[in-house]
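Just so it is clear, none of the values below were taken in a lab; they were calculated from the coordinates. Quick caveat, the model's predicted, so the values are computed rather than measured. Reconstructed Cβ throughout: ideal geometry from the backbone, glycine too, with neighbour counts over all protein chains shown.
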Amino acid sequence: MPQHKSAIKRVRQDKKRAQHNKGRRTVLRKQIKQVMDAGDKEKAQEELKKAVSLIDRLSTKGILHKNTAARKKSKLTTYVNNL
């Protein structure tokens with residue numbers, strides 16, 4: 001357990017941030033599923049646009065690594081293009 005006040009505060013902040021980031025990742029997974037479950041190509045393209053925007057925001061905030069974000073965008077785009 002941390003002994004210094006600053007370390008105690010850091011543990012508290014880390015828990016709060018981890019919880020916040022976990023929620024954001026959950027939203028991302030739901031958005032990716034919406035892209036995959038879209039019936040036709042037009043609807044999938046609309047959902048893809050939302051998903052790409054969300055992925056970019058999460059990678060900018062540091063929740064996703066930039067290479068992970070690029071991989072997810074590439075995989076989703078390929079999927080939609082092959083519909």
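Just the residues that are in contact (Cβ under 8 Å) with a residue 24 or more places away in the chain and not charged (D, E, K, R), please, taken from the range 65-83. Break it down stepwise before answering.
Residues of the range 65-83 in contact (Cβ under 8 Å) with a residue 24 or more places away in the chain: 72, 76-77, 79-80, 83.
L76, T77, Y79, V80, L83, listed by residue number.
Checking the structure you have, find out if any residue of the range 17-30 is within 19 Å of T77 (Cβ to Cβ), in contact with a helix residue (DSSP H, G or I) (Cβ under 6 Å, 6 or more places away or on another chain), part of a helix (DSSP H, G or I) and of a type outside the set (A, V, I, L, M).
Checked against the condition, which is being within 19 Å of T77 (Cβ to Cβ), in contact with a helix residue (DSSP H, G or I) (Cβ under 6 Å, 6 or more places away or on another chain), part of a helix (DSSP H, G or I) and of a type outside the set (A, V, I, L, M), the range 17-30 yields no hits at all.
Only one of these conditions is not met by S74: (1) assigned to a helix (DSSP H, G or I); (2) surrounded by 11 or more Cβ atoms within 10 Å (Cβ to Cβ); (3) more than 12 Å from the chain's Cα centre (by Cα). Which number is it?
With (1) assigned to a helix (DSSP H, G or I); (2) surrounded by 11 or more Cβ atoms within 10 Å (Cβ to Cβ); (3) more than 12 Å from the chain's Cα centre (by Cα) applied to S74, the lone miss is (2).
Considering only residues that are surrounded by 12 or more Cβ atoms within 10 Å (Cβ to Cβ), assigned to a loop (DSSP other than H, G, I, E, B) and under 14 Å from the mean Cα position of the chain (by Cα), which ones fall in the range 37-68?
I63, L64
Scan the range 71-83 for residues that are in contact with a helix residue (DSSP H, G or I) (Cβ under 8 Å, 6 or more places away or on another chain) and of a type outside the set (S, T, Y) and jot them down.
Let us first name the residues in the range 71-83 that are in contact with a helix residue (DSSP H, G or I) (Cβ under 8 Å, 6 or more places away or on another chain), namely 72-73, 76-77, 79-80, 83.
Passing the criteria: K72, K73, L76, V80, L83.
In the range 1-48, what count of residues is obtained for those that are polar (S, T, N, Q) and free of Cβ contacts under 8 Å to residues at least 12 places away in the same chain?
Start the filter on the range 1-48 by keeping residues that are polar (S, T, N, Q), which leaves 3, 6, 13, 19, 21, 26, 31, 34, 45.
Now drop any that are not free of Cβ contacts under 8 Å to residues at least 12 places away in the same chain, which leaves 3, 6, 13, 19, 26.
The total comes to 5.
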